[in-house]
Amino acid sequence: MSKTGMNAHHQAELSKFLKFFRSRMNTHLENIEAEFEDTRSDRLSSDDVYSQKDVTDVLKSLCFAVKANARSEHQDTINMTALLLRQVFSEAEDNQLNLELDTGIVEDKDMLEKVERLSVAEWAGDEKRSSKKVAAKPSRTDEEFESLQKENQQLRGRLEQLQTDCTRALKEKTRLQDDMEELRHAQTTSSGRHIDALEKELKAARETIADYEASAKETDDHISQTKQFQQLKKMVTEKNEMIQSLRRRLQKYESEDDVKNADDDD
């Protein structure tokens, strides 16, 4: 903050504003002067004699031209000022501020004379000195603005922290998903390998059993075709027939004894 009561940037902007409109004022005065010069050269001559009606017509024409020039310049000034105020209001709204215009101050003759008489730095410095007579006290708007700035900074800090936490959580989620996918793949591969091993063992066992069965059948066929087996088979057959014959004879004798015993009882 400079000794003029404004920072260097705002002081430069105010100086630019006044220089711009003072330049337009000079241009406007030159245009009015040109209107008079055109009227003098086109409508008036030192060699001619003019009646009252001629003079009245010349004055009316000149008055119309001056009024048109002044009206155009004033309208342009109003429009330009409105655009500049609109820019200031927009920037104030972006910073959560509501500005009010004091139209009474622009009709203060003393203030207007100071603006006309003093340079930008002198005017700003004079305002600074006069304001020192009153005890400096932060306005409510300034306090609210500072509070909003602090709150805004806190919210930005929280937002940045939340963004960091979200990024970290997303990375952790992605890592866990990758680990789960890798584990599933490993389990699937391991299970598949185990099943393949069991199928191979089962196939080998089946082939071994088939070999054993084939070998046993071949052995049985071979044994049944030997001479010793044939003789043993014949001997077993004869023994079976002998046993059956003895059983029949035994049954016959048992039946005869039963009949004889029955007769004795009678």
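The values are calculated or read from the model by the stated rules, or taken from the named source; none is laboratory data. For clarity, every value in this text was computed on a predicted model and none was experimentally measured. Methodologically, a virtual Cβ is constructed for each residue, glycine included, from the backbone with ideal geometry; neighbour enumeration extends over all protein chains shown.
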| For segment 67-117, which residues satisfy the criterion of being assigned to a helix (DSSP H, G or I) and of a type in the set (Val, Ile, Thr)? | 77, 78, 81, 88, 105, 106, 115
| request: Return the only residue of 57, 94 being surrounded by 13 or more Cβ atoms within 10 Å (Cβ to Cβ), charged (D, E, K, R) and farther than 17 Å from residue 23 by Cα. | output: 57
| query | If a residue has to be assigned to a helix (DSSP H, G or I) and over 60 Å from the mean Cα position of the chain (by Cα) to count, how many in segment 14-66 make the cut? | reply | 27
| query | Give me the pairs: first residue in segment 145-174 and in a helix (DSSP H, G or I), second residue at pLDDT 80 or above, beta-carbon distance under 7 Å, and six or more apart or on different chains, which are they? | reply | 145/95; 145/97; 148/96
| task | Would you please name the residue that is nearest to the chain's Cα centre (by Cα), looking only at residues in segment 80-93 that are among the polar types (S, T, N, Q) and farther than 17 Å from residue 103 by Cβ? | result | 90
